[in-house]
Amino acid sequence: MKHDPRRALVITYSQTGQTEIYGRLIAAVWESAGLRAVTADVRTFNMAALPSFDLIMVGVPVFYWDVPSNVVGALSSAPRLGGVPVASFVTYGGDGGNQRNTARRLLKLLWRRGGLPVGMETFGAVSTFAPTWSMGNERRILTFSHRPDEETYNRVRRYAAAVLGRAREGTAVSYRKEFFPADFLRGRPSVAFNKIMTGRHTIDASACTACGICEKKCPVGAIDLRTFTVDTKRCISCLGCINNCPAGAIDMTYLGKKVYGFSEFKKRHGITDSLPAELKKKS
Ligand SMILES: Cc1cc2nc3c(=O)[nH]c(=O)nc-3n(C[C@H](O)[C@H](O)[C@H](O)COP(=O)(O)O)c2cc1C
């Protein structure tokens with residue numbers, strides 16, 4: 001059945017902004033094709049409003065070889081979508097990290113709610129897994145070639161156009177699950193393992209400026225700035241706190257080594273965000 005999507009939604013979960021940039025670019029492509037495209041954050045979007053859109057894209061980073069658990073929770077409770085075309089994309093920080101299965105799982109969450117699957121894709125980004133660089137393995141991150149650049153932005157643009165085309169035609173797609181040997185470790189077991197490796201995870205009250213970014217970024221409400229504590233049982237190890245704290249006040253160790261966040265890593269290596277042209281115009 002053909003569709004004529006007019007009101008599109010691009011909803012992302014993004015801890016350090018890369019997934020959000022790709023999502024905003026998809027919205028910009030759809031806007032230039034004549035749609036009204038809204039962007040939103042999974043953490044604050046009211047899922048009850050999903051069926052009021054007639055084309056939906058969801059984008060998330062791959063965390064622990066999987067869809068982040070807070071996103072699984074949010075989408076599982078979404079209302080029925082009644083055949084609305086749906087698509088997914090994931091961003092990732094290195095090859096071999098179960099990316100396609102993760103994009104497929106994300107799409108399945110929407111398809112299970114009654115959406116018509118019209119695409120899934122994976123886009124490389126800079127890895128934000130802070131223990132990697134904190135343990136001295138910066139090279140692994142810096143040499144991963146599929147970082148946000150014009151080539152990736154072109155792939156994002158082509159994907160946005162292809163999804164819109166399939167949505168208009170009403171053409172459903174299906175994807176096979178890929179063999180991934182460590183699939184049984186994705187998500188929860190990996191998070192549990194990571195927590196064992198993490199020694200200290202708290203807030204240094206003397207460095208904290210109480211800006212509230214860590215509380216805002218935490219998807220599970222595990223941070224309490226009144227007491228400078230992190231509820232490590234509730235924490236899902238997304239590293240949103242340490243990666244975003246502008247004061248370096250998150251006190252975390254990994255295998256005994258002090259962990260530092262993504263903003264510091266970018267500063268040390270002169271990494272700057274180069275936005276696609278469409279978004280430069282807007283900002
Ligand atoms: C806690 C955590 C776990 C991650 N796990 C994976 C993974 O399993 N596979 C992978 O390719 N990248 C992994 N990454 C890298 C992110 O997927 C990648 O950096 C992503 O683009 C970040 O998106 P954002 O900037 O929108 O938050 C991980 C990053 C973090 C912080």
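The values are calculated or read from the model by the stated rules, or taken from the named source; none is laboratory data. Keep in mind the model is a prediction, meaning the values are calculated, not measured. Heads up, the Cβs are rebuilt from the backbone with ideal geometry, glycines too, and the neighbour counts pull from every protein chain shown.
So, in region 106-122, of the ones that are of a type outside the set (A, V, I, L, M) and closer than 24 Å to Asn154 by Cα, which residue ends up farthest from the chain's Cα centre (by Cα)? Show your work before the answer.
The initial filter retains those residues of region 106-122 that are of a type outside the set (A, V, I, L, M), namely 108, 111-115, 117, 119, 121-122.
Retained after the next criterion (residues that are closer than 24 Å to Asn154 by Cα): 117, 119, 121-122.
Working: Pro117: 19, Gly119: 17, Glu121: 13, Thr122: 11 Å.
Checked region 106-122; the qualifying residue farthest from the chain's Cα centre (by Cα) is Pro117.
Would it be correct to say that Gly59 is surrounded by fewer than 23 Cβ atoms within 10 Å (Cβ to Cβ) and closer than 20 Å to Val118 by Cα? If you could, list the steps in order and put the result at the bottom.
Numbers: surrounded by fewer than 23 Cβ atoms within 10 Å (Cβ to Cβ): no; closer than 20 Å to Val118 by Cα: yes.
No.
Of the numbered conditions (1) within 16 Å of the ligand (Cβ to nearest atom); (2) among the β-branched types (Val, Ile, Thr); (3) in the same structural domain as Lys108 (by TED's automatic domain parsing), Thr198 fails exactly one; give the number of that condition.
The single condition Thr198 does not satisfy is (3).
Kindly provide the set of residues from region 157-175 that are farther than 16 Å from Leu116 by Cα and either at pLDDT below 95 or touching an Asp or Glu at 6+ places or on another chain (Cβ under 8 Å) (or both), ordered by number.
Tyr159, the sole residue that qualifies.
For region 126-155, enumerate the residues that are touching a strand residue (DSSP E or B) at 6+ places or on another chain (Cβ under 7 Å), closer than 26 Å to Leu239 by Cα and not in a loop (DSSP other than H, G, I, E, B).
Residues satisfying the conditions are Pro131, Ser134, Thr152.
Given the options Phe228, Phe180, name the one that is within 16 Å of the ligand (Cβ to nearest atom) and aromatic (Phe, Trp, Tyr). Before the answer, list the steps.
On the way: Phe228 fails: within 16 Å of the ligand (Cβ to nearest atom).
Checking each option against the conditions leaves just Phe180.
Considering region 238-281 alone, what residues qualify as being hydroxyl-bearing (Ser, Thr, Tyr) and under 24 Å from Tyr64 (Cα atoms)? I'd like the intermediate steps shown before the answer.
Filtering region 238-281 down to residues hydroxyl-bearing (Ser, Thr, Tyr) leaves 253-254, 260, 263, 272, 274.
Those that are hydroxyl-bearing (Ser, Thr, Tyr) and under 24 Å from Tyr64 (Cα atoms): Thr253, Tyr254, Tyr260, Ser263.
In the list Leu116, Leu106, which residue meets the criterion of being crowded, with 21+ Cβ neighbours inside 10 Å and closer than 21 Å to Asp4 by Cα?
None of the others qualify; the one that does is Leu116.
Just checking, which of Ala205, Ala192 is small (Gly, Ala, Ser) and either in a helix (DSSP H, G or I) or out of contact with any Phe, Trp or Tyr (no Cβ under 7 Å at 6 or more places or on another chain) (or both)?
Working: Ala205 fails: either in a helix (DSSP H, G or I) or out of contact with any Phe, Trp or Tyr (no Cβ under 7 Å at 6 or more places or on another chain) (or both).
Matching residue, one of Ala205, Ala192: Ala192.
When you go through Thr122, Thr128, Thr143 one by one, which is the residue that is within 25 Å of Ser274 (Cα to Cα), surrounded by fewer than 18 Cβ atoms within 10 Å (Cβ to Cβ) and assigned by TED's automatic domain parsing to the domain that holds Pro51? Please lay out each step first, then the result.
Values: Thr122 fails: surrounded by fewer than 18 Cβ atoms within 10 Å (Cβ to Cβ); Thr128 fails: surrounded by fewer than 18 Cβ atoms within 10 Å (Cβ to Cβ).
Exactly one residue qualifies, and that residue is Thr143.
Select from region 234-276 the residues that are away from the ligand (no atom under 14 Å from the Cβ) and in a strand (DSSP E or B) and list them in ascending order.
Asp251, Thr253, Lys257, Lys258
Contact list please: Cβ distance under 6 Å, first residue in region 42-65 and within 25 Å of Arg100 (Cβ to Cβ), second residue surrounded by fewer than 17 Cβ atoms within 10 Å (Cβ to Cβ), pairs at least six apart or on different chains.
Listed pairs, sorted by first residue: Tyr64/Ser190.
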